[in-house]
Structures are given as structure tokens and as C-alpha cells.
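Some notes on the structure that comes next.
The values are calculated or read from the model by the stated rules, or taken from the named source; none is laboratory data. Computed from a predicted model, the values in this text were never measured in an experiment. Don't worry about glycine lacking a Cβ; one is built from the backbone with ideal geometry, like all the others, and counts go over all protein chains shown.
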Amino acid sequence: MGAGQTPHPQLIWPALLKQQGCNELLPLRTNDDWQRFCADSKHLLQYGDKLVDSNFHCFVLEEDAHWHPAAPLPPEGLNDLIRAHCATLGHCCTSKMHLHSVMDAIDFLNALEG
């Protein structure tokens, strides 16, 4: 994957990266964020990692080292991912939380970190 390229031409930013076997999420607002992640941490990517874009389309890193479209995230799926992320960080009481967009999720995650 060359510099400036998106992981998949159909991916619409912003997006969330969920790595295989881990409930933590990495918010990626733009392709520039993706490029910075790849420059610093591309070696951490593994087969089965998933990107969820702003339209809830999913892309999975396959064994051919390319991102392939997968089943879209179901409506409640975003909130399930965020709750699992929060639990990893020791936050509870998120059962009533309901986020409606990937951008809302990114803003929420940044507020947790800030």
C-alpha cells in the first residue's frame, strides 16, 4: 500500500480500526490519520483486523494483505464496539449510551482519552 492510498477505494472517512483479538478501537478521522498510523504502527496490523467506515461498511484485512469488503456493521453494532472498548478501559455504565455515527463515536472516544 503506497503513500497516500486509502486501505480500500470504497472506504469513507472517518473510520474506526478494530484489531483482531482486541476490544480497543483506534479512531481515524482522515486518510492522513491512516497514513500516520501506517508509518508508525503498520507492523501491528494482522489478518482479521477490521475497519468500520462512516457508512458502517466494514473492511477486513485478509491473508493477501489487502482490505476486503465484509458484511456491514448492524445498527447496534457501533454501540456494542464502543461498550466493549469502554469496558477494556475500565469504564462501566455505558448501557444507556447510544451513538448514531462513527464521528459521534470518535468524538466520544477522544473525550474518554482527553
*Given (1) within 17 Å of residue 15 (Cβ to Cβ); (2) among the small types (Gly, Ala, Ser); (3) surrounded by 12 or more Cβ atoms within 10 Å (Cβ to Cβ), number of the condition residue 87 does not satisfy*: (1)
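I want to confirm something. Restricting to the range 52-65 and keeping residues that are assigned to a loop (DSSP other than H, G, I, E, B) and touching a helix residue (DSSP H, G or I) at 6+ places or on another chain (Cβ under 9 Å), which single residue is farthest from residue 19 (Cα to Cα)? Outline the logic, then answer.
Going through the range 52-65, the residues assigned to a loop (DSSP other than H, G, I, E, B) turn out to be 54-57, 62-65.
So of that shortlist, the ones also touching a helix residue (DSSP H, G or I) at 6+ places or on another chain (Cβ under 9 Å) come out as 54-56.
Details: 54: 17, 55: 19, 56: 16 Å.
My answer is 55.
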*Sort through 85, 68, 100 and tell me the only one that's modelled with pLDDT under 95, of a type outside the set (A, V, I, L, M, F, W, C) and not in a helix (DSSP H, G or I).*
100
*Selection from the range 52-65 of residues that are at pLDDT below 95 and either of a type in the set (A, V, I, L, M) or surrounded by 15 or more Cβ atoms within 10 Å (Cβ to Cβ) (or both)*: 65
_For residue 80: the one exception among (1) more than 16 Å from residue 5 (Cα to Cα); (2) surrounded by 15 or more Cβ atoms within 10 Å (Cβ to Cβ)_ = (2)
_I'm trying to understand the selection: among the residues of the range 2-51, which are in contact with a helix residue (DSSP H, G or I) (Cβ under 7 Å, 6 or more places away or on another chain), buried (at least 18 other Cβ atoms within 10 Å of the Cβ), at pLDDT 95 or above and part of a loop (DSSP other than H, G, I, E, B)?_
14
